[in-house]
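Have a look at the structure below before the remarks.
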Amino acid sequence: MVRIHPSILSADFVNLERDLARIATADGVHLDVMDAHFVPNLTFGLPMVQRIAEVTDLPIDVHLMIDDPDTWALQYAIGGVDSVTFHAEATRDAVALARELRARGTRAAIAVKPGTEVDLVAEHLREFDMVLIMTVEPGFGGQSFMPGMMPKLETLRARARDLGIDVALQVDGGITDDTLPIAAAAGADVFVAGSAVYGHADPAERIAALRAAGGGEAVAAAAGDAPAGSLER
Ligand SMILES: O=C(CO)[C@H](O)[C@H](O)COP(=O)(O)O
Ligand SMILES: [Co+2]
């Protein structure tokens, strides 16, 4: 299954409601929260996520690139937010945080930067609904895909198979028509795309093209399907 989650990082923040409407055929929307500490960039925080949740029916996938998610991540477990992703590198107790998120009805996801191994994540894979393998250094859109991250996906997909669990594997950074099939072959099933969607005149056409590149059928989460969420446990 190929799920496309456009990142609004490359959208027009002044015309965000319009740009959200343009990706209505996507499977979810990816919101990059950056604090200028964990990453060298600053985007937006909870008020913006709350407002976006009011105007879109798409399942929201919040990617927290912030220090101290143990303290802040639970704030994002609000209506309309399907999953909250925190970084392994910034979290004191990832298992405890994942359990708290799940207890609040939000899917829990853990992200790893390119330099972080996935051994510990693999060890506790049952605790997470999704693992985000960063295929660029977090902080900015428009960077080049790092194919060297593919063994991490293969390791986690094999581990999930061994455990008999269905965990979503997301990739984020440099996803295009050319790189999506590489990540899909390695085991990814949720694909974040910022510039490959919003860097073009017709985002809906780009979503369809990315799905086709993954060999996936159009599985658009039409408005009204949102409660089903974009990630299946
Ligand atoms: O988390 C991110 C950056 O840290 C973004 O989600 C990602 O970079 C999307 O942008 P693009 O598809 O243009 O690479
Ligand atoms: Co992201």
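General observations
- Taking the criterion of being surrounded by fewer than 24 Cβ atoms within 10 Å (Cβ to Cβ), in a strand (DSSP E or B) and within 13 Å of ligand 1 (Cβ to nearest atom), no residue of region 148-203 qualifies.
- Scoring Asp166 on the criteria (1) in contact (Cβ under 8 Å) with a residue 60 or more places away in the chain; (2) within 13 Å of ligand 2 (Cβ to nearest atom); (3) not hydroxyl-bearing (Ser, Thr, Tyr) leaves a single failure, condition (2).
- Of the criteria (1) aromatic (Phe, Trp, Tyr); (2) outside any strand (DSSP E or B); (3) within 14 Å of ligand 2 (Cβ to nearest atom), which one Phe86 fails: (2)
- When region 89-99 is filtered for residues that are within 26 Å of Leu58 (Cα to Cα) and either buried (at least 18 other Cβ atoms within 10 Å of the Cβ) or within 16 Å of ligand 2 (Cβ to nearest atom) (or both), the ones remaining, listed by number, are Leu97, Ala98.
- Filter pass, Asp202 being among the acidic types (Asp, Glu), within 16 Å of ligand 2 (Cβ to nearest atom) and closer than 18 Å to Ala11 by Cβ: no
- Figure legend. Inter-residue proximity from region 141-158: first residues within 10 Å of Val171 (Cβ to Cβ), second residues more than 16 Å from ligand 2 (Cβ to nearest atom), beta-carbon distance below 6 Å, spacing 6+ or different chains. Indicated pairs: Met150/Ala186; Lys152/Val118; Leu153/Ala186; Leu153/Gly187.
- Residue that is surrounded by the most Cβ atoms within 10 Å (Cβ to Cβ), among those in region 41-88 that are more than 15 Å from the chain's Cα centre (by Cα) and among the polar types (S, T, N, Q): Thr56
- Of the listed requirements (1) within 16 Å of ligand 1 (Cβ to nearest atom); (2) closer than 24 Å to Thr176 by Cα, Ala24 misses just one: (1).
Quick note: the coordinates plus some simple rules give every number you see, no bench work behind them. The structure presented is a predicted model; accordingly, all values stated were derived computationally and were not measured. Glycine gets a Cβ as well: all are built from the backbone with ideal geometry, and neighbour counts include every protein chain shown.
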